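Working notes for the structure below.
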Ligand SMILES: [Zn+2]
């Protein structure tokens, strides 16, 4: 069974309308092409570059023993992992003491995942590093000029030592935590110790 539809023959008004619509479509297309050439392509290359950087980061090897620089260069490292904390918690990180306002340096290349506050950590910065490892910096006095999604290089300043969160009133220190596959691991063995000569 077939259906025949007789197309009405176009009159002059319809042909004119059709020509105008085609012209509008062509102009709109050229306009879009021009906008892409002017603005789109550079953004596109940055986008591709960022994606590539992110993929390489996730494929990079996880931190190994003595591989990470001290986030507070010159400050003494003490293994405070596992110490008892309130409400039956244990300490899932390392505390590094330093004067208020001491700049905190990222231990790894990475992408900023959080710049904000929580109850225990106070002002915190969280960074996704090599192999997808999570790096958590807490009790900050203040943040450096970073935002979620920013790329940071190892050694870049991400914030400043303080006593925010549940550290309020204690000597200012950085709480530094490392998370691998979602579980906290002891940062102490992974950090380089050869830094400070005792004074
Ligand atoms: Zn701590």
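Condition test on residue 137, is it touching a residue at least 24 places away in the same chain (Cβ under 8 Å), farther than 25 Å from residue 181 by Cβ and surrounded by 13 or more Cβ atoms within 10 Å (Cβ to Cβ)? Before the answer, list the steps.
Numbers: touching a residue at least 24 places away in the same chain (Cβ under 8 Å): yes; farther than 25 Å from residue 181 by Cβ: no; surrounded by 13 or more Cβ atoms within 10 Å (Cβ to Cβ): yes.
So residue 137 fails the test.
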- prompt: residue 185: without any contact (Cβ under 8 Å) to a residue 24 or more places away in the chain and in contact with a strand residue (DSSP E or B) (Cβ under 7 Å, 6 or more places away or on another chain), yes or no?
  reply: yes
Residues being out of contact with any helix residue (DSSP H, G or I) (no Cβ under 8 Å at 6 or more places or on another chain), assigned to a loop (DSSP other than H, G, I, E, B), within 16 Å of residue 153 (Cα to Cα) and away from the ligand (no atom under 14 Å from the Cβ) - total across the range 58-105: 3
statement: Going through the range 77-128 in order, the residues found to be free of Cβ contacts under 8 Å to residues at least 40 places away in the same chain and either buried (at least 19 other Cβ atoms within 10 Å of the Cβ) or closer than 20 Å to residue 141 by Cα (or both) are 113, 114, 115, 116, 125, 126, 127
- request: Would you mention how many residues in the range 106-125 are farther than 22 Å from residue 75 by Cβ and either more than 16 Å from the ligand (Cβ to nearest atom) or outside any loop (DSSP other than H, G, I, E, B) (or both)?
  value: 8
- prompt: All but one of (1) closer than 19 Å to residue 182 by Cα; (2) outside any loop (DSSP other than H, G, I, E, B); (3) outside the structural domain of residue 180 (by TED's automatic domain parsing) hold for residue 52; which doesn't?
  reply: (1)
- prompt: Does residue 138 fit the bill of being at pLDDT below 95 and under 26 Å from residue 83 (Cβ atoms)?
  reply: no
Subset tally (residues that are modelled with pLDDT under 95 and either near the ligand (Cβ under 10 Å from one of its atoms) or over 24 Å from the mean Cα position of the chain (by Cα) (or both)) for the range 171-190: 0
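The values are calculated or read from the model by the stated rules, or taken from the named source; none is laboratory data. Here the structure is a predicted model, which means the values were calculated and not measured. Quick reminder, even Gly has a Cβ in these numbers, built from the backbone with ideal geometry, and neighbours come from all protein chains shown.
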